[in-house]
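Since the structure comes first, as structure tokens, the remarks are kept for the end.
The values are calculated or read from the model by the stated rules, or taken from the named source; none is laboratory data. Everything numeric in this text was worked out from a predicted model, so none of it was measured. Glycine gets a Cβ as well: all are built from the backbone with ideal geometry, and neighbour counts include every protein chain shown. What goes into the accessible areas is simple: the full protein's heavy atoms, side chains included, and nothing from ligands, DNA or RNA. Shrake-Rupley method; radii C 1.70, N 1.55, O 1.52, S 1.80 Å.
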Amino acid sequence: MTPATLTDRWIPSTCGLCYGTCSILGHRKDGVLVKIEGNPASAVGRGRLCGKGVSGIMTLYDPNRVNVPLRRSNPEKGKGVDPGWKAITWEEALDEIVDRLRRVHADDPRKLFIQRTTTNTSARAPFMMFAAAFGTPNSWAAGGGLHCGNGAHLIGGIYHASWSLVPDFQHCKYAIYFGASKGHGAGHVACTNMQQAADARVRGMRLVVVDPMSNFASAKATEWVPIRPGTDAAMGLAMIQVILNEMGVWDAEYLAARTNAPYLIGPDRCYVRDAPSKKPLVWDAGRGRAVPYDDPDARDLALEGEWEMGGARARPAFALLREHVRQFTPEWAETVCTVPAATIRRIAREFATEAMVGSTIVLDGKRLPYRPVAAIYFRGAQGHKNSVYNCYALELLNQIVGAADVVGGALGFNPVCYGHPETGKPWYEPKPGPDGLMITGTWVAPHLPYPISEPKHPEQMALSGLFPLGMFGTTMASSDQEDLWRRFDLPYRPEVMINYGANSLLSVGNSDTVAETLKRIPFIVSFDITLTEFSEFADIVLPDTSYLESYDSRPNVPFIFNHPAGHGEWSWPIRQPVVAPEGERRQAAEVLVEIADRVGIREEWNAVANTHLKLDGTHRLDFKTRYSYEEICDRELRSHFGDDRGLAWFKEHGVISWPKRVEETYWRPFVNVRVPIYWEFLVEVNRKAKAIANPRGLHWDDAWYDPLPRWLPCPSHEVSDPSFDLWGFYYRDTLHTNSYTNENPWLDEAARLDPYSYAIAVNTATGRRKGLRDGQLVWLESPHGRRVRGRLRLTETVHPEGVGIGGCAGHWVKTLPVARGKGVMFNDLLEVDWEHGSPVNLNLDTCVKLRIVP
Ligand SMILES: Nc1nc2c(c(=O)[nH]1)N[C@H]1C(S)=C(S)[C@@H](COP(=O)(O)OP(=O)(O)OC[C@H]3O[C@@H](n4cnc5c(=O)[nH]c(N)nc54)[C@H](O)[C@@H]3O)O[C@H]1N2
Ligand SMILES: Nc1nc2c(c(=O)[nH]1)N[C@H]1C(S)=C(S)[C@@H](COP(=O)(O)OP(=O)(O)OC[C@H]3O[C@@H](n4cnc5c(=O)[nH]c(N)nc54)[C@H](O)[C@@H]3O)O[C@H]1N2
Ligand code: SF4
Ligand SMILES: [Mo]
């Protein structure tokens with residue numbers, strides 16, 4: 001121990017036990033981390049930590065951490081097959097990796113496949129940058145995005161210029177959660193939101209939770225509404241029908257000024273356009289004629305009516321929406337989603353009444369729209385084949401009453417930022433794009449949610465060229481991957497895979513399918529902190545530092561990913577080592593810098609870093625020099641906060657904070673952009689994608705590409721064998737993060753004390769009817785013949801048709817002795833193929849029809 005470490009210090013950093021990235025203080029005594037607490041100086045967490053955050057110390061000091069590079073000696077790969085690990089030196093490991101990568105780079109860079117976990121956000125920038133510098137379009141986050149974000153982030157981006165949304169906890173009076181637990185068991189910016197949700201409860205905010213199981217949000221809610229999995233759009237659409245047609249409530253001013261509701265639609269379902277400018281037309285009732293949507297003199301844009309335009313009839317998009325939803329009566333919805341029509345009607349009425357359309361409030365001396373209601377959706381509602389329509393339909397609830405990014409409404413995570421008062425950085429705001437519709441001011445995925453790119457013959461493993469609404473696709477690990485690739489003549493196959501942490505064996509779908517896809521990849525490198533089920537398939541494992549031993553200048557992926565919404569402060573924290581790394585562990589980002597250099601892509605890497613991290617002026621990297629990742633972090637911080645506030649300043653202070661302006665939090669009235677309540681662009685996307693897919697024999701159903709949302713069934717809703725009478729779904733346990741923390745002994749102990757964490761929850765009446773007992777071991781069987789076993793918990797808190805399974809459990813490797821054999825591996829019941837993916841964004845369907853076999 002050096003004298004420098006023989007100290008007693010609290011070191012500010014960032015939690016990495018889930019993507020919530022709460023700011024922490026690590027108490028280091030004589031070089032040993034003895035305690036983790038929340039950092040009250042940061043708006044991210046506000047000094048609070050969840051139980052997982054506190055337990056990070058056990059992950060850091062896990063005796064099963066990987067400490068040296070490893071090479072497999074057993075060429076045979078398979079689930080449960082011992083790789084025969086042999087320790088090698090870093091030099092040997094890097095030589096072999098670089099040799100492979102050089103060959104792939106020279107031959108076809110697309111043969112490199114990169115996988116990273118969303119759980120530790122520090123992977124995001126360096127691995128995305130490496131993929132871009134290397135020239136491969138093939139990267140994904142395993143179960144991340146595929147389960148939680150393809151639809152939700154797309155809709156969040158299109159409507160809020162944000163990754164996702166939360167209620168304005170400070171002002172909202174009535175929030176409805178559809179399959180989300182933000183501010184409770186999981187979700188984004190968890191710890192700040194938990195405090196804010198608690199304060200909102202004290203203030204009297206009503207919370208209605210629509211969920212097949214009464215989980216962590218429902219436990220604190222005013223009302224739990226049990227719903228059949230995968231049917232949220234049915235309930236959402238029926239609510240819209242009640243609000244628009246039974247109640248006749250909508251926010252005409254907002255819809256006319258900030259959405260495409262007034263755009264005229266012709267019989268071809270497309271915009272009627274102005275001849276010279278090609279701009280969509282609206283009907284100016286003030287002047288009694290059609291004008292381009294952005295005509296500055298237009299006074300009264302019509303939302304309803306019908307006009308003859310160039311020999312055809314044209315109607316405003318809003319009129320079409322109103323007409324479209326008439327078919328979705330609450331009585332119809334009840335047959336689909338099982339929520340009683342009277343309940344749907346009541347909740348719709350409560351929502352629209354509480355919205356107080358037309359009301360305003362004065363904050364910071366500014367008169368602002370006040371709509372204290374929010375419809376929130378996330379993983380539960382979006383994790384389905386019908387992901388896009390579910391989120392689209394639910395978001396329209398916010399849109400029709402004008403409750404988006406205004407006081408009390410549904411808030412995106414910080415889509416507008418005017419920067420630190422001294423530097424004006426970071427600065428971004430949404431801007432109008434094609435046809436006046438909003439383009440996000442900042443974004444973290446490779447492509448923007450809008451404008452939607454033109455479908456092209458796909459040349460990516462995920463076929464993403466053909467499915468421009470998706471982030472990630474099932475074909476990265478599907479059973480029909482080879483068939484689909486052949487159909488589209490994919491000109492290469494993955495040859496090298498680099499993984500950062502993600503455990504795709506557990507997190508994607510059934511592990512047999514995922515294993516088969518991995519076995520076909522000739523060379524796999526995995527950066528790991530412990531040896532997981534994924535590591536079993538690796539050729540080389542590199543010992544990574546954990547979040548408590550690493551640098552990151554942007555752990556919260558500023559700011560739209562994991563920074564609290566709502567009024568208050570901006571905080572930009574960093575992540576820094578709380579203790580020095582043990583053994584030969586090296587931070588993956590530093591290793592990537594070295595690999596990039598040795599492969600010969602230093603210039604590309606530096607160029608990508610300049611744009612990705614928005615380095616400016618003297619902080620830009622010149623192409624010839626090699627910079628350590630730590631130095632790149634320093635330059636990013638100085639670019640934003642000035643030369644006095646580089647990494648050294650942040651190591652000392654941990655976080656920089658400044659007040660939010662009201663125009664940033666409640667930006668909607670201040671930024672002149674529109675959002676689409678009618679997805680005209682889908683007509684063209686469908687036409688082009690279909691023209692490419694049909695000749696390749698891919699079954700194409702236009703119903704998924706309607707410009708207005710509808711409910712379409714998932715495969716689980718179409719199973720005809722009556723013996724499969726239940727719906728399986730999963731939920732996050734508040735005690736665990738995905739498959740990661742099952743190995744943490746404190747969290748495992750807590751989970752073993754919890755009756756539900758590792759069990760199968762079934763409704764008591766359903767269980768009794770089947771003659772099942774609480775605590776009994778049973779098999780769950782899918783219509784595809786997949787089976788998992790677990791212990792039953794009979795409870796009133798699950799939908800009578802539901803089978804609720806906590807977390808992402810079921811580890812089998814000996815190197816995870818705490819996690820091994822715990823919990824139920826729900827994903828082993830899921831198919832991963834074209835049929836079980838969304839034909840719009842390739843999201844995976846995560847509900848499955850089941851039967852219980854004692
Ligand atoms: N049944 C079920 N399936 C799910 C989910 C679920 O809740 N239940 N959730 C879904 C969702 S939304 C997501 S995002 C995915 C998540 O799926 P994954 O991305 O696979 O995430 P985790 O299961 O959390 O596994 C994270 C892995 O990263 C490793 N890790 C953690 N920190 C570090 C680090 O600093 N360095 C390195 N090298 N490795 C590290 C951990 O050891 C762990 O193995 O799973 C999806 N699948
Ligand atoms: N404690 C904890 N926190 C986490 C994570 C974690 O693993 N553990 N993971 C992080 C990640 S990667 C993500 S993506 C977020 C996800 O955060 P959430 O969106 O909150 O994730 P879930 O708990 O998977 O799903 C929310 C609810 O949806 C319900 N649900 C399932 N199917 C349906 C359905 O068809 N319709 C409706 N209405 N509800 C349904 C579930 O029962 C659950 O209560 O959390 C993040 N935070
Ligand atoms: S919510 Fe996530 S980031 Fe925050 S303390 Fe808990 S585990 Fe850490
Ligand atoms: Mo996720």
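Residues in the range 617-657 that are of a type in the set (D, E) and surrounded by 14 or more Cβ atoms within 10 Å (Cβ to Cβ): 4 in all.
Matching residues to (1) in contact with a Gly (Cβ under 6 Å, 6 or more places away or on another chain); (2) within 13 Å of ligand 2 (Cβ to nearest atom); (3) over 21 Å from G187 (Cβ atoms); (4) open to solvent by 10 Å² or more (accessible area, probe 1.4 Å):
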position: T14; (1), (2), (3), (4): no, no, no, no
position: G20; (1), (2), (3), (4): no, yes, no, no
position: P40; (1), (2), (3), (4): yes, no, yes, yes
position: G56; (1), (2), (3), (4): no, no, no, no
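Of the residues making up the range 828-853, those that are open to solvent by 10 Å² or more (accessible area, probe 1.4 Å) and within 16 Å of ligand 2 (Cβ to nearest atom) are H836, V848, K849.
Criterion first (at pLDDT 95 or above, touching a strand residue (DSSP E or B) at 6+ places or on another chain (Cβ under 7 Å) and assigned to a helix (DSSP H, G or I)) does L592 satisfy it? Criteria not met by L592. K425 fulfils the conditions (1) charged (D, E, K, R); (2) within 16 Å of ligand 1 (Cβ to nearest atom); (3) open to solvent by 30 Å² or more (accessible area, probe 1.4 Å) except for a single criterion, (2). When restricted to residues that are farther than 22 Å from L506 by Cα and open to solvent by less than 20 Å² (accessible area, probe 1.4 Å), the range 71-93 contains 1. The set of residues in the range 773-787 that are within 28 Å of H836 (Cβ to Cβ) and open to solvent by 10 Å² or more (accessible area, probe 1.4 Å) comprises L777, W779, E781, P783, H784, G785, R786, R787. When the range 530-548 is examined, which residues are found to be open to solvent by less than 10 Å² (accessible area, probe 1.4 Å) and of a type outside the set (A, V, I, L, M)? Across the range 530-548, the qualifying residues are E533, F534, S535, F537, P543, D544, T545, S546, Y547. Filtering the range 320-337 to residues that are of a type in the set (F, W, Y) and open to solvent by 60 Å² or more (accessible area, probe 1.4 Å) leaves only W332. Flag: F488 does not match the condition of being in contact with a strand residue (DSSP E or B) (Cβ under 7 Å, 6 or more places away or on another chain), of a type outside the set (V, I, T) and away from ligand 3 (no atom under 16 Å from the Cβ). Contact annotation: residue pairs with Cβ atoms under 9 Å, 6 or more positions apart or on different chains, pairing a residue in the range 363-375 that is at positive phi with a partner that is surrounded by 14 or more Cβ atoms within 10 Å (Cβ to Cβ) and part of a loop (DSSP other than H, G, I, E, B), are D364/H567; D364/R661.
Looking at K52 and the list (1) under 30 Å from R379 (Cα atoms); (2) more than 11 Å from ligand 3 (Cβ to nearest atom); (3) buried (at least 22 other Cβ atoms within 10 Å of the Cβ), which single condition is not satisfied? Every condition holds for K52 apart from (2). At least 1 residues being free of Cβ contacts under 8 Å to residues at least 12 places away in the same chain, at positive phi and aliphatic (A, V, I, L, M) is the threshold, and among the strands (runs of 3 or more DSSP E) wholly inside the range 197-284 not one reaches it.
For the range 102-124, taking the residues that are modelled with pLDDT of 95 or more and under 19 Å from the mean Cα position of the chain (by Cα), the one that is farthest from S504 (Cα to Cα) is identified as I114. If only residues of the range 796-829 that are of a type outside the set (A, V, I, L, M, F, W, C) and under 12 Å from W727 (Cβ atoms) are counted, the one that is nearest to ligand 1 (Cβ to nearest atom) is G804.
Is it the case that W163 is in contact with a Phe, Trp or Tyr (Cβ under 7 Å, 6 or more places away or on another chain), of a type in the set (F, W, Y) and outside any helix (DSSP H, G or I)? Taking the combined requirement at face value, the residue satisfies it. Here the condition is being of a type in the set (F, W, Y) and not in a strand (DSSP E or B); of F561, F527, it holds for F561 alone. In this structure, D754 does not qualify as within 15 Å of ligand 1 (Cβ to nearest atom) and within 29 Å of the chain's Cα centre (by Cα). Filtering the range 167-180 for residues that are among the hydroxyl-bearing types (S, T, Y), closer than 27 Å to K849 by Cβ, touching a residue at least 24 places away in the same chain (Cβ under 8 Å) and away from ligand 3 (no atom under 16 Å from the Cβ) leaves a non-empty set.
Yes/no per residue for (1) of a type in the set (A, V, I, L, M); (2) modelled with pLDDT of 95 or more; (3) farther than 23 Å from S162 by Cα:
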site: A341; (1), (2), (3): yes, yes, yes
site: I344; (1), (2), (3): yes, yes, yes
site: T353; (1), (2), (3): no, yes, yes
site: Y377; (1), (2), (3): no, yes, no
site: E395; (1), (2), (3): no, yes, no
site: V406; (1), (2), (3): yes, yes, no
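Yes/no matrix, rows are residues, columns are (1) in a loop (DSSP other than H, G, I, E, B); (2) in contact with a Leu (Cβ under 8 Å, 6 or more places away or on another chain); (3) loosely packed, with under 15 Cβ neighbours inside 10 Å; (4) of a type outside the set (F, W, Y):
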{"position": "H699", "(1), (2), (3), (4)": "yes, no, yes, yes"}
{"position": "T734", "(1), (2), (3), (4)": "yes, no, no, yes"}
{"position": "N742", "(1), (2), (3), (4)": "no, yes, no, yes"}
{"position": "W746", "(1), (2), (3), (4)": "no, no, no, no"}
{"position": "Y756", "(1), (2), (3), (4)": "yes, no, no, no"}
{"position": "L792", "(1), (2), (3), (4)": "no, yes, no, yes"}
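Among the residues of the range 301-319, are any of a type outside the set (A, V, I, L, M), outside any strand (DSSP E or B), open to solvent by less than 30 Å² (accessible area, probe 1.4 Å) and out of contact with any strand residue (DSSP E or B) (no Cβ under 7 Å at 6 or more places or on another chain)? The answer is yes, given that some residue of the range 301-319 is of a type outside the set (A, V, I, L, M), outside any strand (DSSP E or B), open to solvent by less than 30 Å² (accessible area, probe 1.4 Å) and out of contact with any strand residue (DSSP E or B) (no Cβ under 7 Å at 6 or more places or on another chain).
Scanning the range 139-183 for residues that are crowded, with 24+ Cβ neighbours inside 10 Å, closer than 18 Å to D733 by Cα and within 16 Å of ligand 4 (Cβ to nearest atom) yields G143, H147, C148, G179, A180, S181, K182. When the range 184-224 is limited to residues that are surrounded by fewer than 21 Cβ atoms within 10 Å (Cβ to Cβ) and among the charged types (D, E, K, R), the one that is farthest from A565 (Cα to Cα) turns out to be E223. Highlighted here are the strands (runs of 3 or more DSSP E) found entirely within the range 338-409 that include at least 3 residues which are of a type in the set (A, V, I, L, M, F, W, C) and surrounded by fewer than 24 Cβ atoms within 10 Å (Cβ to Cβ): 360-363. When we screen Y492, Y500 for residues that are among the aromatic types (F, W, Y) and crowded, with 24+ Cβ neighbours inside 10 Å, the only hit is Y500. Kindly indicate whether any position in the range 154-164 is in contact (Cβ under 8 Å) with a residue 60 or more places away in the chain, of a type in the set (G, A, S) and within 16 Å of ligand 3 (Cβ to nearest atom). Yes; the residues of the range 154-164 include at least one that is in contact (Cβ under 8 Å) with a residue 60 or more places away in the chain, of a type in the set (G, A, S) and within 16 Å of ligand 3 (Cβ to nearest atom). Looking across the range 295-339, the residues that are closer than 25 Å to R269 by Cα and among the aromatic types (F, W, Y) come down to W307, F318, F328.
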